[in-house]
Structures are given as structure tokens and as C-alpha cells.
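The values are calculated or read from the model by the stated rules, or taken from the named source; none is laboratory data. Since the model is a prediction, treat every value here as computed from it, not as a measurement. Heads up, the Cβs are rebuilt from the backbone with ideal geometry, glycines too, and the neighbour counts pull from every protein chain shown.
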């Protein structure tokens, strides 16, 4: 008979979520996994030192037609990689007329017939190339959440410093769900509160969305083994926007769509068969 001590120590809804996440594991195996996490993490999960979400942001239009993010006093796209961006740099913030240097490293390979730009090299000729260019700021400003992803400078655009875009067609349920949860729980990550919330996180048993998390927390939140007294456990036990109880449509399958209007009209015209 299984004991599954660590699993049964969690609230029931978290037990069900873990079982749904690990359908091929027994209760004892899930409990053993939690036990190993407890041994590694101690009495509470350690917070990562992010220090970026508190900085003010503004999108600035460049003469290239794209919007560039100013994070505090520095431009996100001024460094070729996010870890090298010094957000504590002294000096005035770049303004209209400032020239922002851009550099983007590309890895490429060729089989002798075609060139491809990919992260992994294959057999044949391969190497790297680093395009370098400059962009002049025009002085036009916009709230970052009102800039569409296609209009943003693509350097470090997926690194978590841009606010999620609030503009979306009515059919984009994911964006509208994310916006509703940000409005209810705040724009900062609903667990750590140190980085911007980016990703919807949901209970795998009920498929109900719990909140909007930063990229780091979204990756590790379900691994939290603590029943309580941990910032991740506090979120899992009582998410700040969980009262919305909106469904996450796994695989894009929506069961709440209204029937196609032309189809309904056509059905209304059909004679009733007795």
C-alpha cells in the first residue's frame, strides 16, 4: 500500500493537478519526486534575483519604423544579448535624436546549394555572421503593451522585458484571457512579483487558469513541493486572480463558441419534419 506522504501533504487541488501533469507516474512516484525537490530546495523555494520588473518602460519609435524598448535609462536592443545589458547604467535616458547601435549574431550553414539560418550547425560549411546597424529615435512614444509584436524591435523581444500586447482580434482568446488576469492580479508575475507576467499558467486537472507568470516562474512553479510558507506554494494555494475561473483551451479546442450565424439561420429556415 502506498504512503505518498509528500503528495498527501499538499492541498487536494494540487494533488489532482500533479496527477494530471504526471499521468504515467504512480502516487508514490510523484511523492518521491516531491521528496527529492524538498531535499534540494529546503524549507522554501529560492527567489531568483531578477531586479528588472520594477524599472519603468516606454516604447520609442525609431527611423526604421519599429518600436524600441527603453528599460529604465537604457535601450533593451542596445546590447547583443540580454545578460550584457547594464540596467544600472548611469546617465540620462536616450531621447529623440539618439542613435542606438544594434548588433545581432546569426548562425548559418550551407550544404553547398542553400543557406539556412539556424541555431544548430549541420554537415557542410557553417559559421556565424553579425549584422550591425544604427537606429535613430524619432521622439514618438507609446505604452509598450499597445505595440504589436510585429512592430517591435526583434532584439531581445522574447526575453520578458516587453509588456504583453493587449491588442488582439476577438478570436484571440489567449490574449483576452491574459489581459483579464493582468487587470485582476497586476502586470507583475503573480508569484514572484519581480518580473513582468508573460505566460498564462493553469491547473492541469480543471484546465482553469490560475494566473500570469514570468517566464522563469512559469517553468518551475509546478515543481514546488511545499504545502505552504513558500512564495510559489502561496500562489498555487491561493492565486490572486484565480477567482476569475477562466478556462485554458488546451490545444485550442473551444466548446463555448457560438454556432456559426449563417448556419443557424439556414437551420431556422428548414421545415420541421413530423
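The helices (runs of 4 or more DSSP H) found entirely in the range 1-85 that carry 3 or more residues being surrounded by fewer than 17 Cβ atoms within 10 Å (Cβ to Cβ) are 12-21, 27-41.
Looking at the range 147-173 only, could you name the residues that are assigned to a helix (DSSP H, G or I), touching a residue at least 40 places away in the same chain (Cβ under 8 Å) and either in contact with a strand residue (DSSP E or B) (Cβ under 8 Å, 6 or more places away or on another chain) or not assigned by TED's automatic domain parsing to the domain that holds residue 215 (or both)?
The one that is assigned to a helix (DSSP H, G or I), touching a residue at least 40 places away in the same chain (Cβ under 8 Å) and either in contact with a strand residue (DSSP E or B) (Cβ under 8 Å, 6 or more places away or on another chain) or not assigned by TED's automatic domain parsing to the domain that holds residue 215 (or both): 151.
Quick check on this structure: which one of 206, 191 is closer than 18 Å to residue 238 by Cβ and buried (at least 23 other Cβ atoms within 10 Å of the Cβ)? Just a single option satisfies the conditions, and that option is 191. Could we say that residue 226 is assigned by TED's automatic domain parsing to the domain that holds residue 17, part of a helix (DSSP H, G or I), more than 24 Å from residue 76 (Cα to Cα) and at pLDDT 95 or above here? It is false that residue 226 is assigned by TED's automatic domain parsing to the domain that holds residue 17, part of a helix (DSSP H, G or I), more than 24 Å from residue 76 (Cα to Cα) and at pLDDT 95 or above.
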